[in-house]
Amino acid sequence: MVAILCMAALQLVNFVRSAQFNEEIVSGSLVLLAQRLHNDPDSLAELSARFDADIRILPDEQGPKDSYERTRLDRGQVLITTSSDGRTAHVLRRMPGNQWLDVSLNTVTEVQAQATAYLILEDWQRSGESIDDFLVKMRPLFGFPLSTIDINELFLSDADFARMQYGDVLVRISIEGNRAEALAKIPGQAKALRLGPIDAFDPYSWQAIVVIASIGILLIGLGVYWVVNSFEMRLRKLEQATTRLAQGHLNARVAISGKDPVSRLGQSFNKMAEHIQRLISIQREMVRAVSHELRTPVARIRFGVQIIEDSVPDDPFVSKQLSGMDSDIQELDELIDEILTYARLEEGGPLLDFQRTNVAALAVQVVTEARPPSHVTVGYNGGDPKNCLQSDVESRYIHRAIQNLVGNAGRYAATRVEVTCNISGDTCRVDVEDDGPGIPEEDWDRVFTAFARLDDSRTRASGGYGLGLSIVRRIVYWHGGRAMVSRSERLGGAKFSLIWPRTQYE
């Protein structure tokens, strides 16, 4: 296709170049013709015979109707129309007095070259100037060189020399046939008038080759860009689907069209996504089912413990054991609640009802409800919560997230826990710090993983089920933010930070 378009472009370029070439060849002759006919209208028949052409003078109304052609002719240019076989041409030029010079002739021949040389010499003789000064004025009219040369420098044969002495115009063509010149002896001088040399029209000149090569490179570049761009767009769609899948949108799929490698990759991605969605769906269903089913036996055990406690007489040992069993049942009940909450948050996002809420006041409420152990002092840093800015949040879930962080800090802090709330124009941030042992930096990425515990203890002193921080992370994620952990520079323990946009958009 590129080759066909380049050949078409070459034909178009050559059409323009050939028209320009022909105009340069005949323009000077037409100027001389127009001047001669304007000064001597009766010489029309003689000039027609000299040029072997049909020469006519037309009135203005018979000129071209096209405005573009008239504009060109008014600027002194020549309008040339070539026949389909390339043997004849129709030439039109503006003449003084709102007339048109119309010439129908064979394409450039020796006859026209001879006639042009005769006209130049005749006009020179009428001018009374030196030949060199006259040619200086004539050169701008012609598209080829005009010069004089000593006859002895032409290396003519005796026959050609004799012809020129008798006044004939000698036309010489190179052996290769691509260059021609016309020679006419200047009367009264040992010099000859030289028209040319005139190079033949070359359809494969370096200018044309450069233009066509540029067009070819441009077309190939556009084709490559189109292929690469379409390939990149399809890969971008696959990337977007992968990102959505990573964000928890398990229904993300890629549109398939064709059987190329990108389509096969998209098909493999869709199969993988369907398999992942099916596995996670089965896992979630199992977790929900198990959690719900555990509630019934837990309730029966609690009821049985209560009956035993009421029926057994006061026995310190039995009471202690029953109290421990009741605490274990309470922990198991809380664990079931945590699992259900986490499963609900992992299902692709709960339906959140965002409302303008004073987050600072919400944090104060959480701190008040925390009920830390007696050896832990919980403080609040953040100014007057009544004067703090508000943020779009789901109060119930943000309350749960801050509550989990405060409870986690209270379990591990030595003497102090601080909650700091900062709200700027675009973001809302809540920091929970403690003076406990902190979290090793290599475990910062693992601490938010479900059921992950950084110690091996299962005592009530440390407590927890490994789901609290996972729930925090999911709550902040569905608020469009993120949860981070670092080391507290002020207290030396762990520092958990929740950051989310202050304004939520649909």
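If a residue must be under 17 Å from Val16 (Cβ atoms) and either in contact (Cβ under 8 Å) with a residue 12 or more places away in the chain or not aliphatic (A, V, I, L, M) (or both), how many such residues does the stretch 190-242 contain?
Taking the stretch 190-242 first, the residues under 17 Å from Val16 (Cβ atoms) are 201-212, 214-215.
Filter once more, so that each one left must be either in contact (Cβ under 8 Å) with a residue 12 or more places away in the chain or not aliphatic (A, V, I, L, M) (or both): 201-208, 211-212, 214-215.
Of the residues in that region, 12 qualify.
For the structure I just gave you, tell me whether Arg126 is part of a strand (DSSP E or B) and of a type in the set (Lys, Arg). Spell out the reasoning first.
On the way: part of a strand (DSSP E or B): no; of a type in the set (Lys, Arg): yes.
No: the conditions fail for Arg126.
Scanning the stretch 388-414 for residues that are within 19 Å of Thr368 (Cβ to Cβ) and modelled with pLDDT under 80 yields one hit, Cys388. Looking at Arg93, Arg126, just one residue is of a type in the set (Lys, Arg) and over 24 Å from Leu170 (Cβ atoms), and that residue is Arg93.
Taking the criterion of being part of a loop (DSSP other than H, G, I, E, B) and exposed (fewer than 14 other Cβ atoms within 10 Å of the Cβ), the residues of the stretch 65-98 that qualify are Lys65, Asp66, Arg75, Gly76, Ser83, Ser84, Asp85, Gly86, Arg87, Pro96, Gly97, Asn98. With respect to the conditions (1) among the small types (Gly, Ala, Ser); (2) open to solvent by less than 60 Å² (accessible area, probe 1.4 Å); (3) assigned to a helix (DSSP H, G or I), Ala49 lacks only one, and its number is (2).
Is one or more of the residues making up the stretch 227-248 outside any helix (DSSP H, G or I) and either more than 30 Å from Ala9 (Cβ to Cβ) or open to solvent by 90 Å² or more (accessible area, probe 1.4 Å) (or both)?
Yes: the stretch 227-248 contains one or more residues that are outside any helix (DSSP H, G or I) and either more than 30 Å from Ala9 (Cβ to Cβ) or open to solvent by 90 Å² or more (accessible area, probe 1.4 Å) (or both).
Within the stretch 199-221, the residues that satisfy the criterion of being part of a helix (DSSP H, G or I), closer than 28 Å to Ser174 by Cβ and open to solvent by less than 80 Å² (accessible area, probe 1.4 Å) are Ala208, Val210, Val211, Ile212. Restricting the stretch 145-173 to residues that are open to solvent by 40 Å² or more (accessible area, probe 1.4 Å) and under 60 Å from the mean Cα position of the chain (by Cα) leaves a set whose member that is farthest from Phe134 (Cα to Cα) is Ile173.
Glu442 fulfils the conditions (1) modelled with pLDDT under 85; (2) within 25 Å of Gln365 (Cα to Cα); (3) not in a loop (DSSP other than H, G, I, E, B) except for a single criterion, (2). Every condition in (1) surrounded by 12 or more Cβ atoms within 10 Å (Cβ to Cβ); (2) in a helix (DSSP H, G or I); (3) within 39 Å of the chain's Cα centre (by Cα) holds for Leu294 except the one numbered (3).
Apart from one condition, Pro385 fits all of (1) surrounded by fewer than 21 Cβ atoms within 10 Å (Cβ to Cβ); (2) at pLDDT 65 or above; the exception is (2).
Could you say whether any residue in the stretch 279-288 is open to solvent by 60 Å² or more (accessible area, probe 1.4 Å), β-branched (Val, Ile, Thr) and modelled with pLDDT of 75 or more? Yes, there is a match, as at least one residue in the stretch 279-288 is open to solvent by 60 Å² or more (accessible area, probe 1.4 Å), β-branched (Val, Ile, Thr) and modelled with pLDDT of 75 or more.
Among the residues in the stretch 68-91, are any over 24 Å from Gly143 (Cβ atoms) and among the aliphatic types (A, V, I, L, M)? No: the stretch 68-91 contains no residue that is over 24 Å from Gly143 (Cβ atoms) and among the aliphatic types (A, V, I, L, M). Taking the stretch 129-164 as the range and being under 23 Å from Gln77 (Cβ atoms), assigned to a helix (DSSP H, G or I) and without any contact (Cβ under 8 Å) to a residue 60 or more places away in the chain as the test, the residues that pass are Leu135, Val136, Lys137, Arg139, Pro140. Mind listing whichever residues of the stretch 264-280 are free of Cβ contacts under 8 Å to residues at least 12 places away in the same chain and within 13 Å of Phe231 (Cβ to Cβ)? The answer is none; no residue qualifies.
Answer with yes or no whether Leu195 is assigned to a strand (DSSP E or B) and either modelled with pLDDT under 85 or open to solvent by less than 70 Å² (accessible area, probe 1.4 Å) (or both). Don't jump to the end; show me each part of the working.
On the way: assigned to a strand (DSSP E or B): yes; either modelled with pLDDT under 85 or open to solvent by less than 70 Å² (accessible area, probe 1.4 Å) (or both): yes.
Answer is yes for this residue.
Is there any pair with a first residue in the stretch 43-67 that is over 17 Å from Thr81 (Cβ atoms) and a second that is open to solvent by 60 Å² or more (accessible area, probe 1.4 Å) and modelled with pLDDT of 85 or more whose Cβ atoms are under 6 Å apart and which are 6 or more apart or on different chains, and what are they? Cβ pairs passing all conditions: Ile57/Gln99.
The values are calculated or read from the model by the stated rules, or taken from the named source; none is laboratory data. None of these values were measured; they are calculated from a predicted model. Positions of Cβ are backbone-derived with ideal geometry, glycine not excepted, and every protein chain shown enters the neighbour counts. SASA here: full protein model, heavy atoms, side chains in, ligands and nucleic acids out. Shrake-Rupley method; radii C 1.70, N 1.55, O 1.52, S 1.80 Å.
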